[in-house]
């Protein structure tokens, strides 16, 4: 299925959602594996589909919406994706049959999507501080949004070695409803950086991405 949702978080960025319903053959006929290394390291068919769909989505955004040449992308030693021969910043995420991507022409971006499951409440103390737990009020939607917020900033950081619980702080309040809204969060490393995030529920999934004012 083609791109289902396209959003323009700010004037220099674009993000989209792709519902994966195509076959492996479809993606393999549209993706140049030499420009997109790593496919042959994946053995599980579902993971192969997700991997290909993410690259197809980025390809569509670069070529059809940004009107630029797409030369593929690669993941660095920390797993952070970078476009070949293009200075724009990208981030990707997938869950089950959904692939997402965001591109910004000049600034770091992150995106995360997760299937909403009640069991998120079982691990809430592993990634949220006590003051953050007060923000979500046991809502599985907001708990999932909080997880996605922290994963989004983790991806922006891009080099690992930080704690979701201790190095990424969500600030009150979650503005909007439990299924759509905005929130601010800080990435705390050698300094403290504040980011603006949007969260939205898409069917049974929660997606979060950052944007710039």
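Values quoted throughout were computed directly from the atomic coordinates according to the rules given, and no laboratory measurement underlies them. Because the structure is a prediction, the values reported are computed rather than measured. We place every Cβ from the backbone using ideal geometry, glycine too, and count neighbours over all the protein chains shown.
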Let me know the Rg and Dmax you get for the range 112-211 when you use only its Cα atoms, in Å. 12.2, 38
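Quick one: if the Förster radius is 30 Å, what FRET efficiency do residue 46 and residue 84 give, using the C-beta to C-beta distance and rounding to 0.05?
Numbers: r = 26 Å, r/R0 = 0.87.
E between residue 46 and residue 84, to the nearest 0.05, is 0.70.
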So how far apart, in nm, are the two label points at residue 4 and residue 192 if each is 7 Å from Cα heading toward Cβ? 3.8
Where labels lie 7 Å past Cα in the beta-carbon direction, separation of residue 159 and residue 107 in nm: 2.1
Which order do the peptides 198-211, 122-135 take when ranked by the mean count of other beta-carbon atoms within 10 Å per residue, highest first? 198-211, 122-135
P(r) of the range 88-162 over all Cα-Cα pairs, 5 Å bins starting at 0, rounded to whole percent, reads 3, 16, 22, 22, 18, 13, 5, 1
Any chance you could check the Cα centroid distance between the range 157-213 and the range 10-32 for me, in angstrom? 24
Using R₀ = 30 Å, calculate the FRET efficiency as 1/(1 + (r/R₀)^6) where r is the Cβ-Cβ separation of residue 67 and residue 213; round to 0.05. 0.75
Give me the angle, in degrees from 0 to 90, between the Cα long axis of helix 140-157 and the longest principal axis of the Cα atoms of the chain, rounded to the nearest 10. 60
Intensity falloff of the range 3-109 expressed as log10 I(q)/I(0), Debye formula with alpha-carbon point scatterers, at q = 0.14 Å⁻¹: -0.50
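Residue separation times 0.36 nm, minus the C-alpha to C-alpha distance between residue 134 and residue 30: what's the value?
Details: separation 104, 0.36 × 104 = 37.44 nm, distance 4.65 nm.
Full extension from residue 134 to residue 30 adds 32.8 nm.
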Where only alpha carbons of the chain are counted, the Rg and the Dmax (Å): 16.8, 49
